[in-house]
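All remarks here apply to the structure that follows.
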């Protein structure tokens with residue numbers, strides 16, 4: 001990336017960015033599929049808008065339909081993401097660098113941090129999201145922050161299958177018999193999820209990478225990251241019995257889709 005962008009970084013500034021490409025194959029139009037009458041993307045937009053540290057909420061999408069829905073729920077859509085970085089194999093670093101370049105070229109400024117909010121993880125709490133921003137802003141050594149939850153099953157007990165048809169432990173320093181030890185005998189393992197991430201614009205511009213080696217480990221409660229229709233059906237059932245502060249905010253201020 002052009003290193004002159006570093007001169008355009010606004011110290012202390014945080015923008016939320018929500019990636020929402022069209023064309024999902026697992027669940028068609030997943031990012032705008034409705035949950036209790038509201039599109040999934042609306043939950044992420046409103047949650048980000050409720051965070052005190054977030055100055056702007058930007059949706060990066062390749063679809064004008066998605067962009068129109070995003071604006072309806074209070075997000076900005078200053079650009080459409082090019083098709084060549086919006087496919088099944090497109091990476092997160094591509095849409096992030098596109099957003100940074102666009103802001104630098106068209107507005108002459110970029111935030112110091114981005115809060116990366118995935119629309120497929122709709123049920124969050126603002127307190128947990130805001131704490132992520134505070135932690136990132138308060139750690140000068142951090143290259144990023146990623147949320148993760150404690151794995152219920154440890155991969156230390158898993159096997160690979162050798163070419164000769166026999167199992168081998170997933171790690172060379174664990175025998176097959178040791179892999180049968182109780183879960184408590186192994187270190188805790190954390191599964192990255194879609195709750196919230198924090199990214200450093202400076203680090204991305206300087207390294208063409210998103211996360212780096214000084215990633216803050218941010219442990220959050222487990223939740224549901226929608227990847228299949230059954231996940232949507234479960235959340236429909238769950239939300240009716242438990243509610244959610246983001247859904248309450250949506251119902252108070254916005255019309256269903």
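Which of the residues belonging to the range 108-131 are within 12 Å of the chain's Cα centre (by Cα) and over 21 Å from residue 95 (Cα atoms)?
Correct list: 124, 129.
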Residue 120 fails exactly one of (1) at pLDDT 95 or above; (2) touching a strand residue (DSSP E or B) at 6+ places or on another chain (Cβ under 7 Å), namely (1)
Apart from one, (1) within 16 Å of residue 119 (Cα to Cα); (2) surrounded by fewer than 14 Cβ atoms within 10 Å (Cβ to Cβ); (3) under 16 Å from the mean Cα position of the chain (by Cα) all hold for residue 219; the odd one out is (1)
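Which of the residues spanning the range 1-37 are assigned to a strand (DSSP E or B) and surrounded by fewer than 21 Cβ atoms within 10 Å (Cβ to Cβ)? Explain how you work it out, then say what you get.
In the first step, residues of the range 1-37 are kept if they are assigned to a strand (DSSP E or B); the result is 9-19, 34-35.
Scanning the range 1-37 gives 9, 10, 11, 12, 13, 34, 35.
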Heads up, the strands (runs of 3 or more DSSP E) in the range 109-215 (entirely inside) with at least 3 residues that are loosely packed, with under 13 Cβ neighbours inside 10 Å are 159-161
When every residue in the range 83-102 that is within 20 Å of the chain's Cα centre (by Cα) and free of Cβ contacts under 8 Å to residues at least 40 places away in the same chain is compared, the one surrounded by the fewest Cβ atoms within 10 Å (Cβ to Cβ) is 89
Flagged pairs (Cβ under 7 angstrom, 6 or more apart or on separate chains; first in the range 199-217, outside the structural domain of residue 116 (by TED's automatic domain parsing); second crowded, with 17+ Cβ neighbours inside 10 Å and modelled with pLDDT under 95) are none
Residue count, the range 237-250, condition surrounded by 14 or more Cβ atoms within 10 Å (Cβ to Cβ) and either outside the structural domain of residue 126 (by TED's automatic domain parsing) or in a helix (DSSP H, G or I) (or both), comes to 7
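The values are calculated or read from the model by the stated rules, or taken from the named source; none is laboratory data. Please read all numbers here as calculations on a predicted model, not as lab measurements. In this analysis, Cβ positions are derived from the backbone assuming ideal geometry, glycine residues included, and neighbour counts consider all displayed protein chains.
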